[in-house]
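Peer 1: Let me begin by handing over the structure; questions about it come next.
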Amino acid sequence: SDYEELLELSHGYAVAHVPVKEGSWMAGRTLAQLDLISEGIVVLNMTRKKGTILGTPTRDTLVQAGDELLCYGRAGELEALAARETGEAGDEDHKAATARHGVRRHAEVVEDKTRKDEAPPATEDDSG
């Protein structure tokens, strides 16, 4: 099956099925080795080729060709992950995606801090 976006969320985030194809960068690695969280991608669950669903895969879970990952992240990054090639090119794509996530994460932290600084002080409700 191909990449399938299930739920589009705000700010470009989505929940999607990401297939692990033969020759995929993800195949033959554990979730820890893939380190998708550094790209801003969270694996919610995994369906094995034979149909077994791993509701809470761990860092030690081995990803194999034919598996399908249910992931949360930025839609464009999820789509790119589904198409990522194996080998050095895939490793370079992972590094680039990690760098993009770092830049976005920094911007989110700055925006969050700015909004906290601008927020009016909390007041007690007088309608009581």
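The values are calculated or read from the model by the stated rules, or taken from the named source; none is laboratory data. Note that the coordinates shown come from a computational prediction; the quantities given were computed from them, not determined experimentally. Note: ideal-geometry Cβ built from the backbone for every residue, glycine included; neighbour counts use all protein chains shown. Quick note on the areas: whole protein, heavy atoms, side chains included, nothing else; ligands and nucleic acids left out. Shrake-Rupley method; radii C 1.70, N 1.55, O 1.52, S 1.80 Å.
Peer 1: Taking the chain as a Gaussian network, where each spring joins two C-alpha atoms under 10 Å apart, which residue of Asp117, Asp93, Asp35 fluctuates the most?
Peer 2: Largest GNM mean-square fluctuation: Asp117.
Peer 1: Carbon and sulfur atoms: what percent of the 1.4 Å accessible area of the chain do they account for?
Peer 2: Carbon and sulfur together cover 52 percent of it.
Peer 1: Rolling a 1.4 angstrom probe over the protein heavy atoms, how many square angstrom per residue are accessible across the chain?
Peer 2: 64
Peer 1: Using only the heavy atoms of the protein chains and a 1.4 Å probe, how would Glu111, Glu22, Glu77 rank by accessible area, largest first?
Peer 2: Heavy-atom accessible area, descending, gives Glu22, Glu111, Glu77.
Peer 1: Next question, about the same structure. Using each residue's phi in the range 11-25, evaluate 6.51 cos²θ - 1.76 cosθ + 1.60 at θ = phi - 60° and report the 3J(HN,Hα) Karplus result to the nearest Hz, with x for Gly and Pro.
Peer 2: Per residue, the Karplus-derived 3J(HN,Hα) values read 6, x, 8, 8, 10, 8, 7, 10, x, 9, 8, 4, x, 5, 4 Hz.
Peer 1: Once the piece of chain linking Lys116 and Arg29 is laid out straight, how much longer is it, given 0.36 nm per residue of separation minus the C-alpha distance between them?
Peer 2: 27.3 nm
Peer 1: Compute the distance in nm between two label points, each set 7 Å from the Cα along the Cα-to-Cβ direction, one at Leu62 and one at His106.
Peer 2: So the two model labels end up 3.9 nm from each other.
Peer 1: Is the C-alpha gyration tensor of the chain telling us rounded, prolate or oblate? Criteria: a/c under 1.5 is rounded; beyond that, a/b larger than b/c is prolate, otherwise oblate.
Peer 2: Since a/c reaches 1.5 and a/b is larger than b/c, the shape of the chain is classed as prolate.
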